[in-house]
Amino acid sequence: MRGMQAQVVIVGGGPVGMVLARELAGYGMRTVVFEAETQVSRQPKATTLHARTVQTLVRRGYLSGIATKGRTGDLSGSAVTNRPFHFAGMPGLAISAPAAEPEPILKCAQDDLERHFEQRARVAGARIMRGYRVTEVRQGADGVAVVAEGPDGRVTCTGDYLVGTDGARSLVRKGAGFTSRTYPATVSAMAGDVRLDSAEDLPPGWHRTARGWIVTKHLGAGAVRLRTLNCEGAHPDRHAPLTLEELRAEVSWLAGRDIAMSEPRWLSRFSDFSRLADSYRKDRVFLAGDAAHLHFPIGGQGLSTGLLDAVNLGWKLAFTVRGTAGEGLLDTYDEERRPAAQRVIDNTRAQLALMRPAPEIDPLRDLFGELLAGGRESGVLASMISAQDTVLPARGADSSPWGGRFLHNVDLMTDKGRTDVISLLGEGRPLLLVFGDLGHDYAEQARGWAGLVQVVYAEPVPQLSCPALLVRPDGYIAWAAGSDGPTAALTGYFGPGAAAEARSVLAGTVS
Ligand SMILES: Cc1cc2nc3c(=O)[nH]c(=O)nc-3n(C[C@H](O)[C@H](O)[C@H](O)COP(=O)(O)OP(=O)(O)OC[C@H]3O[C@@H](n4cnc5c(N)ncnc54)[C@H](O)[C@@H]3O)c2cc1C
């Protein structure tokens, strides 16, 4: 049996595993990814990335050639870009983001994103073991180990930490003894690409019928992507292969007339079965993405949520391995990301409740329809679906109104020239932004973390009425100048501060 050694072992090289691998390798971590499949699956899945995920990925240097970073310059702070979306299949939800940010919704096929992320992970230096299925995971007081079977036989890999990004049926979750809260399936849904005998039978769009839903997307050359929702009950066997005949019967039953179809591809079943791990951490083992949370795929939030897990965990794990993390920093991964997934599970269940074809639901649906019509929804639902309402729990005594909020992109005139927040965060370092002369004392107090923290002196910005801000590598504000200086926040996040140690981290800073 071959032996390998890594600082972080990742099981599952789907989109979440590949982003995490690139984050870690970018910080100089020896990172190994075990992925059971030899190639990225072409099965149609996610097509939507929501605003907070796009904003985060752009800051971390992803999506070049896929998303642009937004317009800065002389825009007023209130300029926004709107994109239409839906809530529970009802049109009228406007997802908006500041105009200096990328477009709030990125439409891109999941398999294209996965190839992009894998390439970034490889370039950063992660070792990707494709075709290797992990069969066993172990952890001890000093480290972790996995056993994998692949084309060249059996491999054992030891490491300091292990992350399970191995999807809904996660072996890591089961093998490491994580428990979860589950919500049983109450509906049955089907997906498939087919050719309709008569394309006019089902025009493109969301069709609510007396019995459920049919969602149709015309792919060109006569091919149609179908999704069905039947609220009469769960699939008797969710994992049984779906046949064309079953899909045809289901679509016809939902439509109330015969819909003939042929040439099936990618037939599958899904449901509203939901799961949330009770904790995202068990000592040296972590969960992220679908391995940690699962829900009904309404509103396209699963991939977006998982990618935010990966970015949140990446820098915390890297700084911990390098010895420049504050006490308890790794635990904040669970504290910050698990409530976010619970919120997604809750909103998908709420949307599904609104989608049920029951007469007693109709008035509620009409009410939501009215709120959404003509942009009368106040932005609460849009902020929730796009995760732009995320405010991280306060750490320590910091109660400034900025703390835990995401720092939106603004143009900055610095002592080194013109730049913006997105560009500055590309380095993957914590950022101390000092505005005008008032903030210079704060920069002085951060000297113990010189080398780790990037200190930038900028002209005051009207939107940021604060003398100084400390921003985490993932774009959230760790501290804002108020009654206290940044020392407590710097210690909490990055330990007591030692310039020499800090410099060693920088040797591997993401660029
Ligand atoms: C029909 C449908 C539509 C969707 N639409 C959207 C959408 O529009 N927007 C959105 O955000 N989300 C959407 N989702 C959800 C999204 O596809 C998932 O949330 C996403 O794939 C999760 O990524 P992941 O990396 O966590 O897990 P996965 O993509 O499941 O990747 C896990 C990887 O781990 C590997 N693996 C598993 N076990 C092992 C093992 N033992 N050893 C080695 N490797 C292993 C697998 O081969 C796989 O590559 C949709 C899902 C479905 C089903």
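Here are a few things to note about the model shown:
- For region 39-52, filtering for residues that are in contact with a helix residue (DSSP H, G or I) (Cβ under 8 Å, 6 or more places away or on another chain) and crowded, with 24+ Cβ neighbours inside 10 Å leaves 3.
- Some residue of region 81-88 being within 16 Å of the ligand (Cβ to nearest atom), surrounded by fewer than 16 Cβ atoms within 10 Å (Cβ to Cβ) and closer than 30 Å to Pro357 by Cα: yes
- Filtering region 391-431 to residues that are in contact with a helix residue (DSSP H, G or I) (Cβ under 6 Å, 6 or more places away or on another chain) and polar (S, T, N, Q) leaves only Asn409.
- Subset of region 1-24 [more than 7 Å from the ligand (Cβ to nearest atom), open to solvent by 10 Å² or more (accessible area, probe 1.4 Å) and among the hydrophobic types (A, V, I, L, M, F, W, C)]: Met1, Met4
- The combined condition, being at pLDDT below 95, more than 30 Å from Pro184 (Cα to Cα) and either among the hydrophobic types (A, V, I, L, M, F, W, C) or surrounded by 16 or more Cβ atoms within 10 Å (Cβ to Cβ) (or both), is fulfilled by Leu371.
- Check on Ala189, modelled with pLDDT of 95 or more, farther than 26 Å from Gly13 by Cβ, within 11 Å of the ligand (Cβ to nearest atom) and under 24 Å from the mean Cα position of the chain (by Cα): yes
- Residue in region 119-132 that is at pLDDT 95 or above, among the aromatic types (Phe, Trp, Tyr), under 21 Å from the mean Cα position of the chain (by Cα) and farther than 26 Å from Gln351 by Cβ present: no
- Of all residues in region 253-311, those being within 8 Å of the ligand (Cβ to nearest atom), among the polar types (S, T, N, Q) and either in the same structural domain as Arg227 (by TED's automatic domain parsing) or not in a loop (DSSP other than H, G, I, E, B) (or both) number 3.
- Qualifying residues in region 331-362 (those that are within 23 Å of the chain's Cα centre (by Cα) and open to solvent by less than 10 Å² (accessible area, probe 1.4 Å)) - the one farthest from the ligand (Cβ to nearest atom): Thr332
- Just one of the listed residues (Phe296, Phe273) is surrounded by fewer than 23 Cβ atoms within 10 Å (Cβ to Cβ) and modelled with pLDDT of 95 or more, and it is Phe273.
- Selection within region 137-178: residues that are near the ligand (Cβ under 10 Å from one of its atoms), farther than 26 Å from Phe273 by Cα and not β-branched (Val, Ile, Thr). The member of this set that is surrounded by the most Cβ atoms within 10 Å (Cβ to Cβ) is Ala148.
- All of (1) under 18 Å from Leu162 (Cα atoms); (2) crowded, with 24+ Cβ neighbours inside 10 Å hold for Thr305 with one exception: (1).
The values are calculated or read from the model by the stated rules, or taken from the named source; none is laboratory data. Note that the structure is predicted; figures quoted are calculated from it, not measured. Cβ coordinates were reconstructed from backbone atoms using ideal geometry, including for glycine residues, and neighbour counts include every protein chain displayed. Only protein heavy atoms, including side chains, enter the accessible area calculation; ligands, DNA and RNA are left aside. Shrake-Rupley method; radii C 1.70, N 1.55, O 1.52, S 1.80 Å.
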